Amino acid sequence: MTVIKINAITVPSEHGEEVAKRFGARTNSVDDAPGFEGFELLRPDDDRNQWLVVTRWADDASFEAWRNSDQAAHAHQAPPGAKPPKHLGLSAELWHYVVEVASSGNSG
Ligand code: HEM
(Lines give C-alpha, C1' and ligand atoms only; values in the text may rest on other atoms or scores of the structure.)
Protein backbone atom coordinates (compact mmCIF):
# COMPACT_ATOMS: atom_id res chain seq x y z
CA MET A 1 0.00 0.00 0.00
CA THR A 2 1.34 3.40 -0.96
CA VAL A 3 2.72 5.47 1.90
CA ILE A 4 3.19 9.23 1.81
CA LYS A 5 6.18 10.87 3.46
CA ILE A 6 6.01 14.61 3.70
CA ASN A 7 9.06 16.64 4.56
CA ALA A 8 7.86 20.01 5.86
CA ILE A 9 10.74 22.44 5.44
CA THR A 10 10.68 25.87 7.00
CA VAL A 11 12.11 28.24 4.40
CA PRO A 12 12.72 31.90 5.23
CA SER A 13 11.28 33.91 2.34
CA GLU A 14 14.70 35.19 1.29
CA HIS A 15 15.79 31.59 0.60
CA GLY A 16 12.71 30.54 -1.40
CA GLU A 17 14.22 31.02 -4.84
CA GLU A 18 17.41 29.20 -3.90
CA VAL A 19 15.51 26.24 -2.44
CA ALA A 20 13.33 25.99 -5.57
CA LYS A 21 16.45 26.10 -7.73
CA ARG A 22 18.18 23.40 -5.71
CA PHE A 23 15.18 21.09 -5.94
CA GLY A 24 14.87 21.78 -9.65
CA ALA A 25 18.47 20.69 -10.14
CA ARG A 26 17.86 17.43 -8.21
CA THR A 27 14.48 16.39 -9.59
CA ASN A 28 15.79 13.18 -11.16
CA SER A 29 18.06 12.14 -8.33
CA VAL A 30 15.39 10.03 -6.65
CA ASP A 31 13.63 8.63 -9.75
CA ASP A 32 15.41 5.28 -9.78
CA ALA A 33 14.94 4.48 -6.11
CA PRO A 34 13.12 1.14 -5.73
CA GLY A 35 9.51 1.69 -4.68
CA PHE A 36 9.61 5.44 -5.39
CA GLU A 37 6.30 6.61 -6.91
CA GLY A 38 6.89 10.35 -7.25
CA PHE A 39 7.23 13.62 -5.40
CA GLU A 40 6.07 17.20 -5.54
CA LEU A 41 7.67 20.23 -3.97
CA LEU A 42 4.82 22.48 -2.80
CA ARG A 43 5.51 26.17 -2.27
CA PRO A 44 3.16 27.98 0.13
CA ASP A 45 0.78 30.36 -1.65
CA ASP A 46 -0.21 32.16 1.54
CA ASP A 47 1.87 33.72 4.29
CA ARG A 48 3.23 30.43 5.67
CA ASN A 49 6.86 29.55 5.27
CA GLN A 50 6.59 25.75 5.37
CA TRP A 51 7.31 24.19 2.00
CA LEU A 52 6.16 20.58 1.61
CA VAL A 53 8.09 17.84 -0.15
CA VAL A 54 5.30 15.31 -0.72
CA THR A 55 6.80 11.93 -1.64
CA ARG A 56 5.01 8.65 -2.41
CA TRP A 57 6.50 5.17 -1.85
CA ALA A 58 5.37 1.59 -2.36
CA ASP A 59 5.93 0.91 1.35
CA ASP A 60 7.83 2.10 4.42
CA ALA A 61 10.80 -0.17 3.67
CA SER A 62 11.35 1.48 0.26
CA PHE A 63 11.37 4.91 1.85
CA GLU A 64 13.73 3.89 4.64
CA ALA A 65 16.08 2.21 2.15
CA TRP A 66 16.24 5.42 0.08
CA ARG A 67 16.68 7.56 3.14
CA ASN A 68 19.75 5.58 4.17
CA SER A 69 21.19 5.43 0.66
CA ASP A 70 23.82 7.34 -1.30
CA GLN A 71 21.01 8.50 -3.56
CA ALA A 72 19.41 10.40 -0.69
CA ALA A 73 22.79 11.88 0.21
CA HIS A 74 23.17 12.95 -3.41
CA ALA A 75 19.76 14.61 -3.44
CA HIS A 76 20.91 16.65 -0.46
CA GLN A 77 24.33 17.66 -1.68
CA ALA A 78 24.89 21.26 -2.59
CA PRO A 79 24.81 21.78 -6.34
CA PRO A 80 28.21 21.77 -8.05
CA GLY A 81 29.85 25.13 -7.81
CA ALA A 82 27.52 26.35 -5.08
CA LYS A 83 29.04 28.97 -2.87
CA PRO A 84 29.11 28.32 0.87
CA PRO A 85 27.04 28.13 2.98
CA LYS A 86 26.11 24.93 1.24
CA HIS A 87 23.23 24.33 3.61
CA LEU A 88 20.73 27.06 4.15
CA GLY A 89 20.21 26.12 7.78
CA LEU A 90 16.67 24.99 7.11
CA SER A 91 14.67 23.12 9.71
CA ALA A 92 12.49 20.23 8.66
CA GLU A 93 9.88 17.87 10.04
CA LEU A 94 8.95 14.49 8.58
CA TRP A 95 5.26 13.54 8.48
CA HIS A 96 3.99 10.01 7.74
CA TYR A 97 0.61 9.61 6.02
CA VAL A 98 -1.52 7.00 4.26
CA VAL A 99 -4.40 7.75 1.89
CA GLU A 100 -7.66 7.15 3.72
CA VAL A 101 -10.20 8.32 1.12
CA ALA A 102 -9.52 9.51 -2.43
CA SER A 103 -11.33 10.90 -5.46
CA SER A 104 -9.80 12.06 -8.73
CA GLY A 105 -12.71 14.29 -9.76
CA ASN A 106 -14.40 14.59 -13.13
CA SER A 107 -12.54 17.51 -14.67
CA GLY A 108 -9.15 16.02 -15.26
C1 HEM B 1 10.57 12.65 2.56
C2 HEM B 1 11.79 12.58 2.08
C3 HEM B 1 12.82 13.62 2.38
C4 HEM B 1 13.45 13.93 3.56
C5 HEM B 1 13.25 13.25 4.92
C6 HEM B 1 14.33 15.05 3.30
C7 HEM B 1 15.14 15.71 4.21
C8 HEM B 1 15.54 17.03 4.05
C9 HEM B 1 15.94 17.95 5.10
C10 HEM B 1 16.06 17.56 6.57
C11 HEM B 1 16.19 19.15 4.52
C12 HEM B 1 16.60 20.47 5.22
C13 HEM B 1 17.99 20.45 5.70
C14 HEM B 1 19.01 20.44 4.61
O15 HEM B 1 19.24 21.51 4.01
O16 HEM B 1 19.61 19.38 4.38
C17 HEM B 1 15.99 18.99 3.07
C18 HEM B 1 16.21 19.96 2.10
C19 HEM B 1 16.36 19.66 0.74
N20 HEM B 1 16.02 18.46 0.16
FE21 HEM B 1 15.18 16.90 1.05
N22 HEM B 1 14.24 15.38 1.97
C23 HEM B 1 13.33 14.53 1.37
C24 HEM B 1 13.01 14.50 0.04
C25 HEM B 1 13.76 15.11 -0.94
C26 HEM B 1 13.75 14.79 -2.34
C27 HEM B 1 12.86 13.72 -2.99
C28 HEM B 1 14.66 15.58 -2.93
C29 HEM B 1 15.06 15.54 -4.38
C30 HEM B 1 14.71 16.30 -5.28
C31 HEM B 1 15.23 16.46 -1.93
C32 HEM B 1 16.15 17.47 -2.10
C33 HEM B 1 16.36 18.51 -1.18
C34 HEM B 1 16.94 19.81 -1.48
C35 HEM B 1 17.46 20.27 -2.83
C36 HEM B 1 16.90 20.56 -0.27
C37 HEM B 1 17.30 22.04 -0.14
C38 HEM B 1 18.21 22.36 0.95
C39 HEM B 1 19.67 22.62 0.67
O40 HEM B 1 20.19 22.31 -0.43
O41 HEM B 1 20.31 23.14 1.60
N42 HEM B 1 14.66 16.13 -0.73
N43 HEM B 1 15.58 17.70 2.84
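Quick rundown of the values:
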{"quantity": "Residue in the range 1-52 that is surrounded by the most Cβ atoms within 10 Å (Cβ to Cβ), counting only those that are under 15 Å from His96 (Cα atoms) and more than 13 Å from the chain's Cα centre (by Cα)", "calculated": "Val3"}
{"quantity": "The range 8-29, residues that are more than 16 Å from Ala92 (Cβ to Cβ) and near the ligand (Cβ under 9 Å from one of its atoms)", "calculated": "Lys21, Gly24, Ala25, Thr27, Asn28, Ser29"}
{"quantity": "Hits in the range 73-98 (condition: more than 7 Å from the ligand (Cβ to nearest atom), at pLDDT below 95, among the hydrophobic types (A, V, I, L, M, F, W, C) and within 15 Å of the chain's Cα centre (by Cα))", "calculated": "Ala73"}
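The values are calculated or read from the model by the stated rules, or taken from the named source; none is laboratory data. All figures in this text were calculated on a predicted structure; none of them were measured in a lab. Neighbour counts run over all protein chains shown; Cβ positions are idealised from the backbone, glycine included.
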